[in-house]
Amino acid sequence: MIRLLPRSRAARARWGVVLALLLFAALIPPLAGLNENLNPDASSRFQIFLGTSALVLALWAVSYNLMLGYTGMVSFAHAAYYGVGAYTVAVMFKNYHLPILVGLAAAPFAAAVVGLITGLVAQRAVRLYFSLLTLAISQLLFSIVFSWYDFTGGDNGISITLPDQLNDYTTLYYFTAAVVGICLLLMFILVRSPFGAALLSIRENRQRAAAIGINVRAYELAVYTISAVFAGVAGGLFVMYQQQAYPEMLYWTANAQPVVVALLGGTTTFLGPAIGAFIYVVLDNSISKQFPYQFDIILGAIVLGVVLAVPGGISDVPS
């Protein structure tokens, strides 16, 4: 017999959250327009812009959680692959005059190549030393982008102007939502497969996983590269709504953002980081308006409070 609803109350609550999140994401543009009609001081374009940024951040954070939540790998190079995807789109569109969708299609491949090569280097160490190696990789890639003026624009970065078909905020929002939705579905299928089960085994005990025949290094390299692929897509989408790529995207401090978002939403559930992304964007916008110089302190206190009160993140509250 096929069950229409999950058996446990906690599982039903989680699916309820998922459906609510999907409905909320779909309704952001019309709700933004309604809010502007009711409140002339509100800008629907800005609210749709925030929704787009939340979608991109959700994809970036969920891709990071493939390593952190599912495999137990703490990488500090994820911003580098995000930046690689962004610069791939910007360079191909601005320097080589290729359609922007061609650049977006190329972004995951560029990030995959860089992720695979740097992953092979980072795999020479484990745990803390792995994290330090990824941090060094991130800084190396940042330095290359920062100093390569002829190709990346150096510290000025690259600015672009979207074609007319994508220059409408609502159109770009739904396009971004479609791409993010497809990527999330692919990652969900991945973590629900035997590959995902192997990752969980590695997270729990690397030695035991190796003892039962799992090639730990191969799986870690694979998930590292796959995470880079989806980070590259997120970076490409970032350029499309921000219309610029800049070196600070790859700087080592930028690696904190997907970590904070994942911890805020929860690393123990697939969509936890996505929920955390929407909450983060709301907090960022609200706190920055009132306390522009204390944002990091206030956000840090909020994340610390969430981690202490609900170790599994906000998405774990229903259970």
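The values are calculated or read from the model by the stated rules, or taken from the named source; none is laboratory data. This structure is a prediction, so every number in the text was calculated from the model and none was measured. Here the Cβ positions follow ideal geometry from the backbone for every residue, glycine too, while neighbour counts run over all protein chains shown.
Is it the case, given these coordinates, that ALA254 is surrounded by fewer than 23 Cβ atoms within 10 Å (Cβ to Cβ), of a type outside the set (Val, Ile, Thr), under 16 Å from the mean Cα position of the chain (by Cα) and more than 18 Å from PHE49 (Cβ to Cβ)? Talk me through it step by step, then tell me what you get.
On the way: surrounded by fewer than 23 Cβ atoms within 10 Å (Cβ to Cβ): yes; of a type outside the set (Val, Ile, Thr): yes; under 16 Å from the mean Cα position of the chain (by Cα): yes; more than 18 Å from PHE49 (Cβ to Cβ): yes.
It is true that ALA254 is surrounded by fewer than 23 Cβ atoms within 10 Å (Cβ to Cβ), of a type outside the set (Val, Ile, Thr), under 16 Å from the mean Cα position of the chain (by Cα) and more than 18 Å from PHE49 (Cβ to Cβ).
Of everything listed in (1) over 15 Å from MET73 (Cβ atoms); (2) in contact with a Phe, Trp or Tyr (Cβ under 9 Å, 6 or more places away or on another chain); (3) surrounded by fewer than 23 Cβ atoms within 10 Å (Cβ to Cβ), the single unmet condition for THR269 is (2). Against the conditions (1) more than 14 Å from the chain's Cα centre (by Cα); (2) at pLDDT 95 or above, GLY213 satisfies every one except (2). Of all residues in the range 71-94, those that are in contact (Cβ under 8 Å) with a residue 40 or more places away in the chain have Cβ atoms under 7 Å from Cβ atoms of residues that are among the basic types (Lys, Arg), 6 or more apart or on another chain, in THR71/ARG203; GLY72/ARG203. Examine the range 175-194 for a residue that is surrounded by fewer than 15 Cβ atoms within 10 Å (Cβ to Cβ), of a type in the set (S, T, N, Q) and touching a strand residue (DSSP E or B) at 6+ places or on another chain (Cβ under 9 Å), and state whether such a residue exists. Checked against the condition, which is being surrounded by fewer than 15 Cβ atoms within 10 Å (Cβ to Cβ), of a type in the set (S, T, N, Q) and touching a strand residue (DSSP E or B) at 6+ places or on another chain (Cβ under 9 Å), the range 175-194 yields no hits at all.
Mind listing just one residue for me: the one in the range 257-266 that is more than 12 Å from GLY312 (Cβ to Cβ) and crowded, with 24+ Cβ neighbours inside 10 Å and, of those, nearest to the chain's Cα centre (by Cα)?
Of all residues in the range 257-266, those more than 12 Å from GLY312 (Cβ to Cβ) come to 257-261.
Going one step further and asking which of them are crowded, with 24+ Cβ neighbours inside 10 Å, we end up with 258, 261.
Numbers: PRO258: 6, VAL261: 9 Å.
Going through the qualifying residues, I end up with PRO258.
Remark: pairs (first residue in the range 214-229, without any contact (Cβ under 8 Å) to a residue 60 or more places away in the chain; second residue part of a helix (DSSP H, G or I); Cβ separation under 8 Å; 6+ apart in sequence or on different chains) = ILE214/ALA198; ILE214/SER201; ILE214/ILE202; VAL216/ILE202; VAL216/ARG206; VAL216/ALA209; VAL216/ALA210; ALA222/PHE195.
Per-residue answers, yes or no, for (1) of a type in the set (S, T, N, Q); (2) within 19 Å of the chain's Cα centre (by Cα); (3) in a helix (DSSP H, G or I):
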position	(1), (2), (3)
ALA209	no, no, yes
THR225	yes, yes, yes
GLY235	no, yes, yes
GLU248	no, yes, yes
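Taking the conditions exactly as written (part of a helix (DSSP H, G or I), among the hydrophobic types (A, V, I, L, M, F, W, C) and farther than 19 Å from PHE49 by Cα), does PHE230 satisfy them or not? I'd like the intermediate steps shown before the answer.
Working: part of a helix (DSSP H, G or I): yes; among the hydrophobic types (A, V, I, L, M, F, W, C): yes; farther than 19 Å from PHE49 by Cα: yes.
Judged against the criteria, PHE230 is a match.
Could you please let me know if PRO311 is free of Cβ contacts under 8 Å to residues at least 40 places away in the same chain, out of contact with any Ser or Thr (no Cβ under 7 Å at 6 or more places or on another chain) and closer than 28 Å to PHE130 by Cα?
Working: free of Cβ contacts under 8 Å to residues at least 40 places away in the same chain: yes; out of contact with any Ser or Thr (no Cβ under 7 Å at 6 or more places or on another chain): yes; closer than 28 Å to PHE130 by Cα: yes.
In short, yes.
Name the residues in the range 272-316 that are surrounded by fewer than 16 Cβ atoms within 10 Å (Cβ to Cβ) and part of a loop (DSSP other than H, G, I, E, B), would you? PHE291, PRO292, TYR293, GLN294, VAL310, PRO311, listed by residue number. The residue that is nearest to LEU101 (Cα to Cα), among those in the range 112-160 that are among the polar types (S, T, N, Q) and surrounded by fewer than 19 Cβ atoms within 10 Å (Cβ to Cβ), is SER159.
Considering the conditions (1) part of a helix (DSSP H, G or I); (2) over 27 Å from PHE270 (Cβ atoms), THR161 is excluded by exactly one of them, (1).
The residue that is farthest from TYR251 (Cα to Cα), among those in the range 141-154 that are touching a residue at least 24 places away in the same chain (Cβ under 8 Å) and out of contact with any Ser or Thr (no Cβ under 9 Å at 6 or more places or on another chain), is PHE151.
Name the residues in the range 73-124 that are of a type in the set (D, E, K, R) and under 26 Å from ALA218 (Cβ atoms), would you? Of everything in the range 73-124, just one residue is of a type in the set (D, E, K, R) and under 26 Å from ALA218 (Cβ atoms), namely ARG124. Among the residues making up the range 189-224, those that are hydrophobic (A, V, I, L, M, F, W, C) and more than 19 Å from MET73 (Cβ to Cβ) are ILE189, ALA211, ILE212.
Filter the range 159-181 down to residues that are among the β-branched types (Val, Ile, Thr) and at pLDDT below 95, then give me how many there are.
The first filter runs over the range 159-181 and keeps only residues among the β-branched types (Val, Ile, Thr), leaving 160-161, 170-171, 176, 179-180.
Now drop any that are not at pLDDT below 95, which leaves 160-161, 170-171.
Here the count works out to 4.
Mind checking which residues of the range 190-230 are more than 27 Å from PRO108 (Cα to Cα) and among the basic types (Lys, Arg)? If the condition is that a residue be more than 27 Å from PRO108 (Cα to Cα) and among the basic types (Lys, Arg), then ARG206, ARG208 are the ones that fit.
Taking each residue of the range 167-179 that is outside any helix (DSSP H, G or I) and looking for partners that are at pLDDT below 95 with beta-carbon atoms closer than 8 Å, six or more apart or interchain, yields ASN167/THR161.
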